Amino acid sequence: MNDLPILDPRPLRDLLDIGAGMELVQELVGLLKEDAPPRLLTLRAAVEAADDETAVHEAHQLKGALGNLGLQRFAELAAQVEAHVHAGRRDSARALAESLPAAYEEALAALQEAFPKA
């Protein structure tokens, strides 16, 4: 997973290239900041409680949103949590879920570096 880039800026740059303003990128980053922390908490709690349905749902939602922003490493981590929960590997899912907050911070830093006005 660490061989994946933290951020592939192409999805957001493509938006800018087709005429979207930096305001849209700012809005998307703002939505990430608003949406991800409660999802991460819910996901971690669901993994801890062996609530597989909620864990899979939250991991899947995160995976999609993060992928759309080009946050490859974070999206892959969410995908791995989802896969481990599906496979019943709760210990590894729990360990992966514990690394989500650091991945979130890493993703925000990469976005800020690539898009300083966002």
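Only the coordinates and a few stated rules stand behind these numbers; no lab work does. This is a predicted model, so every value here is computed, not measured. As a convention, Cβ positions derive from the backbone with ideal geometry for all residues, glycine included, and neighbour counts pool all protein chains shown.
Data table
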{"item": "Meets criteria (more than 18 Å from the chain's Cα centre (by Cα) and free of Cβ contacts under 8 Å to residues at least 12 places away in the same chain) for residue 41", "result": "no"}
{"item": "Test: residue in the range 55-77 that is free of Cβ contacts under 8 Å to residues at least 40 places away in the same chain and in a loop (DSSP other than H, G, I, E, B)", "result": "no"}
{"item": "Some residue of the range 64-72 being over 23 Å from residue 16 (Cα atoms) and surrounded by 18 or more Cβ atoms within 10 Å (Cβ to Cβ)", "result": "no"}
{"item": "Pair list, Cβ < 7 Å and 6+ apart or interchain, from the range 91-118 residues that are over 18 Å from residue 15 (Cβ atoms) to residues that are part of a helix (DSSP H, G or I) and among the aromatic types (Phe, Trp, Tyr)", "result": "103/74; 104/74"}
{"item": "Residues of the range 1-57 satisfying the condition of being of a type in the set (S, T, N, Q) and closer than 20 Å to residue 113 by Cβ", "result": "2, 26"}
{"item": "Candidate set: the range 78-110, residues that are among the basic types (Lys, Arg) and in a helix (DSSP H, G or I); chosen: the one nearest to residue 35 (Cα to Cα)", "result": "94"}
{"item": "Count of the range 1-54 residues which are of a type in the set (Asp, Glu), loosely packed, with under 14 Cβ neighbours inside 10 Å and not in a helix (DSSP H, G or I)", "result": "1"}
